[in-house]
Amino acid sequence: MMDQAPRIVADRLVKRFGAFTAVDDVSFEVKRGEIFGFLGPNGAGKSTLIRMLCALLRPTSGRAEVAGFDVGRHPERVRENIGYMSQKFSLYSDLSVIENLRFFGGVYGVKGARLDERIDFGIEMAGLTGRTETLVSTLSGGWKQRLALGCAILHQPPVLFLDEPTSGVDPISRRRFWDLIYALSADGVTVLVTTHYMDEAEYCNRIALINRGRLAALGSPGELERGSIKSQIVLIECDDAGALLPVLQGVEGVRDVAPFGSSLHVMVDSADAAIPAIERLLLAHGLRYSRIERIIPTLEDVFVQVVASASSMERLQ
Amino acid sequence: MRWRRVKALAKKEILQVWRDPRSLMIVLLMPFVQLLLFGYGVNLDIKHIPLCVFDREGSQLSLALLKRFQASNYFKVVEAESTYQAVTEALDNGRCKVVIVIPPDFSERINDLGASSVQGIVDATDDNTANIGLGYARSVVAGFSGVTELRWSGRRGSASKYQPMTVQSRVWFNEDLESRNFVIPGVVAMVLALVGAQLTSLTISREWERGTMESLISTPTTPMELLVGKITPYFVIGMVDAAFCLTLAVFWFEVPFRGALLTLLLTTSLFLIVVLGLGYLISALIRSQIGASQVALLVTLLPTSLLSGYTFPIDQMPKPVQAITYLVHSRYYVTILKAVFLKGSRLDELALPISLLILYAGAVLFLAARAFRQRLD
Amino acid sequence: MTLPVVISVSGLTKRFGELVALEQLSFACAKGEIFGFVGPDGGGKTTIMRLLAGIMPPDTGSIFIDGVDVVADPQRVKAHISYMPQRFGLYEDLTVDENIEFFADLFEIDRKSHEERMARLLAASGMTPFRKRLAGQLSGGMKQKLGLTCSLIHAPQVLLLDEPTAGVDPVSRRDFWRILYGLRSEGVTIVLSTSYLDEAERCTRLGLLHSGRMLHCDTPNALRKLMPGDLVSIASEEPRKARDLAARTEGVQSVLLVGDGIHVVVDDAARRIPELERVLSESGVPFDRIEKASPTIEDLFVSLVGQATIEQ
C-alpha cells in the first residue's frame, strides 16, 4: 500500500530578517515521489524557503514538515532524511571518486556493509565503474554531476533537494541526469529542484513560482502555461526579429515584446484585436514575417509576466 | 603611453584603497603601530633586574659595594644568600637573573694587591637581559672602584662563555638614548619596506582573483600604463606614510636630524619606488592575494630585520653573508638614513648607496613590467 | 545583398597539455550577426572567446577581426572589440557610474558623447536609479547588465560575450537580449557562448561544439531541419507508463520523459500520432494532448551529438 500522505508540507511559512520579509505566507504540499520545482528571480526568497525546509533556518512563523518531521521542532531528524546537491556540486576536486563517496558516507553516518552497498550503487549509477580512483578535478561536468548525486543519496534519503543541478552541463549529460532523477522518483523519493532554466523546469511534475517571497503560481507546467496569466501571447515568426522589435513596442494593446528563439513573443491584452493591428503596422513598414498567431504561453512568458506585473503593481502603489 | 588611461587606473586604485578597510588599515595603522612597537620595543631601558647577592666576606668594603648595587636603578636586590647552592638555586628558579658573589678575601686583596675581583653569574637563557645585566653590573663595579674587575660566567641557556659583544655593550648601556638614534632610522626603513611591499603586492593578484584582470587585458591598456597607473597612487600614499614616520622619529623619538630635508625626500622617494616595484613584481608573479602578501612579507621582513644593518652591523657578519646583503634593498636606505640623520651627509657624499639604489630600482621596475603577463597562458 | 565578413577564423587549434580544447575550428561572421556557440561546459567555448579577444594565443590557425590579424597583432584588435568574460570583472567597490567611466577612460572616449551614451544604455537596462550604487551590491542580473554597458561604452564593432546570462533570472535575461537586438541595428557583430539552449535559439546563427570540434554551423531554423524525424509531445498524468508504451511502438526513435508527459521522436508524425493514440487508449493510459511539436535546439543537439558519438 503506497503511502499517500504528503512528504512535504509547508503551512503559511514566513521568514523575516529584521524589517525585510523574505518569505511571505507560503503554503504548499508535495506528494511522495513528486518532482517539485521552485522557479523565481534572484532574491525572490527561493533559497530562504529551501533553507527553512532543510531545517537550516527557523521560520519566523508558520510551520513545515519534511519526511514527517517538523522543521522547527526536530531539525536534526529532518536533516537526517534529506539529501542535498548544491549548485557547484560541492565535491572535493583533489580527492578521488571513491574518496569523495567514502567521505560523504562518513558525514551522513552510513557505515560498514551498507556503505559499501550504497557506494557501489552510486558508482554504477554515475557510470564510473572502473574509474573510482580518478581525481574529481579531471572529471567533466556531467560526470561530476552524477557523482554528486550519488554522494547526496548515500543515506537513501526520502527527500532530495537539488539546487540549480544542471547549470553549465551539456544537454546529453543533463538528460542522463534527469533519467536518474526520474528513476529515483519512481522509487518514491521526493525531489525538490530550484532552477533558472526554463527547460529544466519542464522536467518537473509541478512548479511553484516564487516572486517577492510569495507563491505567485502553482501547478504543472501545462497548467501554468494555460491558466496563469491574463494576457495572451502572439507569436511572430520572422527573419529579422531585431527590426520588428522596436516597431511593435509602440503598438496599442501590446504590453511587451520579447525575442524568443528566432521569433518574437508579443504579450497583448487581446490577440483578436492585436493581430490585425500588428499585421497592418508591419505591412506599413515593409517588414516581412512568415507566421503570426496566438499561441499558448511558454513557461518563460508566464514567469516574466508574473514577475513584471508584480513590479508594476509595486510601482503603482 | 596614454595618460588618460594611466589617470583612470590611478583613480580607480585610489577609490579601491579608500573603500577597502584592509588596505586602509595597512596604509594608516600599520606604519604607526609598527613604529611605536619597534621604537619602544627596542627600548633598552631595562631596569630593576632581579639580583641575588652572596657576600662571602661580610666586610665593610663588601657591604659598601653591595650598597651600590642596591642603590642602582638597574638592579633590585631580591635575595641575600649564604651558600653557592642557594644562589644557583635562586637563578635556576628564576627568582633572580644576576648573581653577585663577593669573595671572602675581597678587601684583603684590595689592600694587599691593589686589585680584586668580584664574581657575577648571569642567567643566560635570555641573551638580551644577560648582556645588559652584565653591562650594568660592570658599570656598578667600575664605579665603585677602578681596580675591581668583574669576572663573570653564564648559567643555563647558552652556558658557554659568550662574546662580550663589545659593540652591543657600547650601544646598550649608558648610551640608551643614543642607541635609539641608530635604531629608529632602521625602524623607519623597515616600516616603509613592509608597508610598501604589502600595498602593491595585493594590487595585481587581487585583480586576477576577482576576475577583473581578464577584462582589463582585453582592453588596449599596455603593461607599462598598468605599472605606472597602479604604482603612482601607492607612491603618494607611501610618501605620506614616510613623512609621518620620519616626523614621528624626529619629534617623538627625538632622533637628531642634522641633514637636509631635500636629501631625505629624494632618497626616500627612491627607496619607495624600489619597494613598490618589488611588491608589484611579486604580485605579477603570484596570482593569489594570500600568496603574494606572504611572499612580500618574507622578502621584506626577514632581510630587512636581519641583513640591512638595522639590527646587526654588517661588518660583523661572515663574508658570504655580507655579500648577500648587497641584494637587500633596505640596506642602502638604512645606510642613507643613518648618514642623513646623524651625520648630516649631503647627496654627493651618499653617491655610492644612492646609485646602487637607482640601479636596484631600475632592475626591479624592468622585471616588474616584464613579469606582468598580458596573456592567459 | 551580402553583408561584409567581420570575423574570419580558420583552422584554430588549442591544446592545454594533453587536453585538446579546440581542433581545426573554422567559421566566419557577417556584420550585424549574433553568432552563438553552444556546447558542454569546460569545453572550448571560453577558449574560443579568449582567442578571439587576443588574450590567449592559439597553437595553430588564424583569426581576423575587422581586418586585424589577431594572432600576429593582438594589441591592435583590442580597440575594435569588447570582451566580457564569464565572471565579468566589475569593480565591486566602485559605483555603477565609476565603473562605466573607468572603461570609457580606458578606451579614451570623448567625454560628451560617452555621457549621453551611458545615460541611454543605463536607461535601457533599467539601471538609472542605481547609478550611485556600489557594483558589489547589485543583483546578479544587474551586474551582467552593467558589465554589458561597460563593454558597450566605446561602441565596439565586435562584442564577445562568454556565457553572459549564466545564472541570471529570465526577466533580466530578456532585458539583456533586448539590448543585444538593439545593437544589431547599429551594425555590431556579436559572438557569444551559452549553455542555455533556449537562448541559443535567439542567435542568428549557431555553432554546435562537441569535443573541441564544430559539429554544425547554421541558422537555428536550418539546424532544426537537420533533425531526422518529427517531435511529438504527449501530455499525460502517467508519463512513465506512456514512455514504456511509446518506446515499443513502431517508428519511434526515442522517448524523453518530461514533467507532465513525454516527448517522442518519430519518423513521421502524421503516421505515428494516430498509432500512439491507439496504443495509449488500448492500455488505459490517460493522456490529455498529443500533437506535433517543434524540436528545440536541445533536442537537436542531443540527436546530432548522439550521431556524432556513434560515428566516432
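The values are calculated or read from the model by the stated rules, or taken from the named source; none is laboratory data. It should be emphasised that the depicted structure is a prediction, and the values quoted were computed from it without experimental measurement. Methodologically, a virtual Cβ is constructed for each residue, glycine included, from the backbone with ideal geometry; neighbour enumeration extends over all protein chains shown.
Things to note:
- Meets criteria (surrounded by fewer than 22 Cβ atoms within 10 Å (Cβ to Cβ), away from chain B (no Cβ under 12 Å) and out of contact with any Leu (no Cβ under 7 Å at 6 or more places or on another chain)) for residue C:111: no
- Being free of Cβ contacts under 8 Å to residues at least 40 places away in the same chain, crowded, with 16+ Cβ neighbours inside 10 Å, of a type outside the set (Asp, Glu) and within 14 Å of chain C (Cβ to nearest Cβ) is a condition met by no residue of region A:17-40.
- Flag: residue B:346 does not match the condition of being closer than 30 Å to residue C:14 by Cα and part of a loop (DSSP other than H, G, I, E, B).
- The set of residues in region C:234-249 that are surrounded by fewer than 22 Cβ atoms within 10 Å (Cβ to Cβ), in contact with a helix residue (DSSP H, G or I) (Cβ under 7 Å, 6 or more places away or on another chain) and more than 11 Å from chain A (Cβ to nearest Cβ) comprises C:245, C:249.
- Region B:279-300, residues that are within 21 Å of residue B:238 (Cα to Cα) and either buried (at least 24 other Cβ atoms within 10 Å of the Cβ) or of a type in the set (Lys, Arg) (or both): B:279, B:280, B:281, B:282, B:283, B:284, B:292, B:296, B:300
- Conditions (1) of a type outside the set (S, T, N, Q); (2) within 12 Å of chain A (Cβ to nearest Cβ); (3) crowded, with 22+ Cβ neighbours inside 10 Å; (4) touching a His at 6+ places or on another chain (Cβ under 9 Å): number failed by residue C:153: (2)
- Filter pass, residue B:268 being crowded, with 23+ Cβ neighbours inside 10 Å and either within 20 Å of the chain's Cα centre (by Cα) or over 24 Å from residue B:33 (Cβ atoms) (or both): yes
- Residue match in region A:40-61 (condition: of a type outside the set (Gly, Ala, Ser) and part of a strand (DSSP E or B)): no
- Screening residue C:29 with (1) touching a helix residue (DSSP H, G or I) at 6+ places or on another chain (Cβ under 8 Å); (2) away from chain A (no Cβ under 14 Å) gives one miss only, at (1).
- Of everything listed in (1) surrounded by fewer than 20 Cβ atoms within 10 Å (Cβ to Cβ); (2) more than 12 Å from chain B (Cβ to nearest Cβ); (3) in a helix (DSSP H, G or I); (4) among the charged types (D, E, K, R), the single unmet condition for residue C:132 is (3).
- Test: residue in region A:173-196 that is part of a loop (DSSP other than H, G, I, E, B), at pLDDT below 85 and under 16 Å from the mean Cα position of the chain (by Cα): yes
- Single residue of region A:256-283 satisfying the filter (without any contact (Cβ under 8 Å) to a residue 40 or more places away in the chain and in a strand (DSSP E or B)) that is farthest from the other protein chains (Cβ to nearest Cβ): A:268
- Conditions (1) touching a residue at least 24 places away in the same chain (Cβ under 8 Å); (2) away from chain A (no Cβ under 12 Å): number failed by residue C:198: (2)
- Across region A:197-237, the number of residues qualifying as under 30 Å from residue C:184 (Cα atoms), at pLDDT below 85 and within 11 Å of another protein chain (Cβ to nearest Cβ) comes to 5.
- Region A:239-280: number of residues that are hydrophobic (A, V, I, L, M, F, W, C) and over 23 Å from residue C:196 (Cβ atoms): 12
- Looking only at region B:15-30, and only at residues there that are under 12 Å from residue B:237 (Cβ atoms) and loosely packed, with under 15 Cβ neighbours inside 10 Å, the one that is modelled with the lowest pLDDT: B:24
- Only residues that are of a type in the set (D, E, K, R) and either crowded, with 19+ Cβ neighbours inside 10 Å or more than 20 Å from residue A:35 (Cα to Cα) (or both) were counted across region A:215-225, and they come to 1.
- Within region A:226-270, restricting attention to residues that are among the hydrophobic types (A, V, I, L, M, F, W, C) and touching a Cys at 6+ places or on another chain (Cβ under 9 Å), the residue that is surrounded by the most Cβ atoms within 10 Å (Cβ to Cβ) is A:244.
- The helices (runs of 4 or more DSSP H) falling completely within region A:64-150 that include 2 or more residues that are touching a helix residue (DSSP H, G or I) at 6+ places or on another chain (Cβ under 8 Å) and surrounded by fewer than 19 Cβ atoms within 10 Å (Cβ to Cβ) map to A:97-107, A:112-126.
- Condition check for residue B:218 on (1) at pLDDT 85 or above; (2) assigned to a helix (DSSP H, G or I); (3) buried (at least 20 other Cβ atoms within 10 Å of the Cβ): one failure, at (2).
- The condition of being within 11 Å of another protein chain (Cβ to nearest Cβ), closer than 19 Å to residue C:195 by Cβ, crowded, with 22+ Cβ neighbours inside 10 Å and among the aliphatic types (A, V, I, L, M) holds for only one of C:48, C:55, C:34, C:81, that being C:34.
- Total residues in region B:310-339, condition within 19 Å of residue B:272 (Cβ to Cβ) and either over 17 Å from the mean Cα position of the chain (by Cα) or not in a helix (DSSP H, G or I) (or both): 3
- Restricted to region C:201-312, the set of strands (runs of 3 or more DSSP E) holding at least 3 residues that are under 30 Å from residue A:239 (Cα atoms) and either at pLDDT below 80 or within 22 Å of the chain's Cα centre (by Cα) (or both) comprises C:205-210, C:213-218.
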